[in-house]
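Heads up: the structure comes next, in structure tokens.
Quick note: the coordinates plus some simple rules give every number you see, no bench work behind them. Bear in mind that the values here come from a model prediction, so they are computed numbers and not experimental data.
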Amino acid sequence: MRRRAILVATGGLIAGAGCATNEEATDENGQRLDEDQEGSAEIVGTDVIEAPAQGTSGDDVPWLRVDVENPTDAPHGGIRLDSTFYDDGNELSTETFRSSYLPAETTLRFYHRGESDPEELEEVEVEIVEAHPQVRGTELEGISVGTTDLSVGGDLINVQGEAELGTDDEFERVTVVALIYDEAGYLRGTGTATEYGPTETFEFGADSSGFRAPHVADPIDDYDVLFFDDLP
């Protein structure tokens, strides 16, 4: 693995015509949630490294590592970031990362692979293009989780398990969010599944792509499972 001086530009959401904006969250009566329930998502670290592709010993490729922090004591909803790789002003490739939830006081770390020869890469631009600072759904308490299993394969993760609602309440749908962590304690992303008209006991598989990383990245080794009555 080696590092090379490459310009990395970062950006957040920009309000304006044709641009992504933060979406306000409302309660079941359509009232805006209190601002103290609003999380934050800030790009706090970037690094470009050259390393072989995940699970290989081949030629080095460029990887962008990005750290996104929610320093507040409120959780943050869904987030999307785009990374664009350039050579002499020409766009080489663009990669997208999505996470459906960012817990309070947590740092998210993800990797984007540039589809180019490392020597061709001169600049990378990464920006937050969509964010929900307030969680739109309500986290459901009292749900029992049976045996779960985490499978990781290259770009994909999946957390499978069985849930028991533990209540007589009827739900139109339940959204399952699996929080995926690495050995260093960084959130590496989320797997998501939606169960429509769930029975008292139901099986789920919360999966997602976007987990491709160089072999030097800390391995994924832990997870947690949350439940909501809507998308976070």
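In this structure the amide hydrogen of Gly45, modeled in the peptide plane, comes within under 5 Å of the amide hydrogens of Asp67, none closer than 5 places in sequence on its chain. Our coupling estimate for segment 188-197, obtained by passing each phi through the Karplus curve with A = 6.51, B = -1.76, C = 1.60 and θ = phi - 60°, is 9, x, 9, x, 9, 8, 10, 10, 8, x Hz, Gly and Pro reported as x. Bridges between two residues of the chain, per DSSP, are antiparallel at a rate of about 90%. Couplings for segment 217-227, taken from phi via the Karplus curve 6.51 cos²θ - 1.76 cosθ + 1.60 with θ = phi - 60°, read 6, 4, x, 6, 8, 8, 7, 9, 10, 10, 10 Hz in order; Gly and Pro are left as x.
Coupling constants for segment 110-127 follow from the phi torsions by the Karplus curve (6.51 cos²θ - 1.76 cosθ + 1.60, θ = phi - 60°), and in residue order they are 9, 10, 10, 9, x, 8, 7, 5, x, 6, 7, 7, 10, 8, 10, 10, 10, 8 Hz; glycine and proline get x. Measuring nothing but how far apart in sequence close Cα pairs (under 8 Å, 6+ apart) lie, relative to its length, segment 144-228 scores a relative contact order of 36 percent. Value of Rg to Rh for the chain, rounded to two decimals, is 1.00; Kirkwood radius and Rg both from alpha-carbon coordinates. Computed over the chain, relative contact order equals 21 percent, with contacts defined as Cα pairs under 8 Å that lie 6+ residues apart.
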